């Protein structure tokens, strides 16, 4: 059934049109109308049994979810769909909350789950009400980048080229750090203040530019994230050092803190590189499953065999599979006899004998016979695609503890900034100079990073489901772990 929700505003009224499943007679339509009209703010509601749609007019900003709940209580369902998008630019758990809020504000979105470890969002919508383009626009408005999941393999196969900024930052920061490391052993020497400035400046504003960009995006969205903490903390240390240097006090190493800002940025960049590497490794199970799908298939059309892209194959066509090739789609053997390796589905180590009328699964290997297969499922409908989707869904799902973490992370950054401000004021009240107060406030900012909050649980889920998939164990729900 085609089901859609559309929202239209006329004057002071907002009209919602949506499809309903499960109606069988006129009394069903009447029951739904009565239930929807009972929702606060609904001025009129009409249900069309023939088209299985309902049209609701409201006088306030009523949500689609409220109407859906009324339909559900009446014993019926609004058809739903699940959409996925990949998200770039998230750095901590507070980013997750911001993206989820932006997605849930879209009319027709029923629920949205964002996973920091997989850098993806799974959104449940009223079928036909929201397009992937709408989701991408919402994510972009929140200050992040989003792409369709078709680019997922390219993202997962992202090379480790990000090591270059880490290496450059480390090379510039090391000369600033070495004097601090050797001082306890009686070696008291330091670089001239202007040299420290030259080394720290590219780290702060070139290699650390990503923190300013992400922090600014967070501020524009009236939110906070880890990047904002890093940007504020390192800028304070860097700015204080510049002021001290310009005041002519750069000869005393105790008065310059360029190494603090540079080393903090270097360590955070290193952490991000390690995080990217870990994500790549944990998605290896998905990549291994995706690699089982052939890109090209041999289709017999009008008695002529031709190689075509798997995406162009339609149900009902005939596919020729030679010995040693993988089945490009699900189907039923029309001609031929062979042994087929179905270990990816059943785990059985030996090839299984197949004859005319037997089913074959896309991704399995034709061992020794020439087969002509009637196509019964293609694309997302194949067994292999369903397995991949199941693993992806499990990796993107949230365990109960993660939902608590997300609520905490929403207020984490503002609380940390408040504590840093109180630290600064407290040291001034205690009689310390401005320099001491700033350094202690900076310490609060740079050590309070919510990255671990958002990554610990989802990363563990990714590893668990990925390892299980490699051994043929498919985990459908994160709560099972």
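The values are calculated or read from the model by the stated rules, or taken from the named source; none is laboratory data. Every value quoted in this text rests on a predicted model; they were computed, and no experiment measured them. Here the Cβ is made from the backbone with ideal geometry for all residues, glycine too, and neighbour counts use every protein chain on show.
Some notes on this structure:
- Unique residue being touching a residue at least 60 places away in the same chain (Cβ under 8 Å) and either part of a loop (DSSP other than H, G, I, E, B) or surrounded by 23 or more Cβ atoms within 10 Å (Cβ to Cβ) (or both) when the list is 96, 130, 123: 96
- Subset of the stretch 344-378 (residues that are surrounded by 14 or more Cβ atoms within 10 Å (Cβ to Cβ) and in contact with a helix residue (DSSP H, G or I) (Cβ under 7 Å, 6 or more places away or on another chain)): 345, 361, 362, 363, 364
- Extreme residue, nearest to the chain's Cα centre (by Cα), among residues of the stretch 99-117 that are over 26 Å from residue 417 (Cα atoms) and in a strand (DSSP E or B): 113
- Selection count where residues are part of a helix (DSSP H, G or I) and surrounded by 11 or more Cβ atoms within 10 Å (Cβ to Cβ), scope the stretch 182-201: 10
Each row is one residue, and each column tells you yes or no for (1) under 19 Å from residue 385 (Cβ atoms); (2) touching a residue at least 40 places away in the same chain (Cβ under 8 Å); (3) in contact with a helix residue (DSSP H, G or I) (Cβ under 6 Å, 6 or more places away or on another chain).
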| position | (1), (2), (3) |
| --- | --- |
| 306 | no, no, no |
| 319 | yes, yes, no |
| 323 | no, yes, no |
| 328 | yes, no, yes |
| 336 | no, no, no |
| 342 | yes, no, no |
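- Only a single criterion out of (1) surrounded by 21 or more Cβ atoms within 10 Å (Cβ to Cβ); (2) within 30 Å of residue 386 (Cα to Cα) is not satisfied by residue 21, namely (1).
- In the stretch 308-317, residue nearest to the chain's Cα centre (by Cα) [restricted to those that are closer than 21 Å to residue 387 by Cα and surrounded by 12 or more Cβ atoms within 10 Å (Cβ to Cβ)]: 310
- In the stretch 41-58, the condition of being at negative phi, part of a loop (DSSP other than H, G, I, E, B) and under 36 Å from the mean Cα position of the chain (by Cα) is met by no residue.
- Under the condition of being more than 22 Å from residue 270 (Cα to Cα) and surrounded by 19 or more Cβ atoms within 10 Å (Cβ to Cβ), the residues counted in the stretch 219-241 number 3.
- Any hit, the stretch 147-163, residues being at negative phi, touching a helix residue (DSSP H, G or I) at 6+ places or on another chain (Cβ under 8 Å), at pLDDT 75 or above and surrounded by 20 or more Cβ atoms within 10 Å (Cβ to Cβ): no
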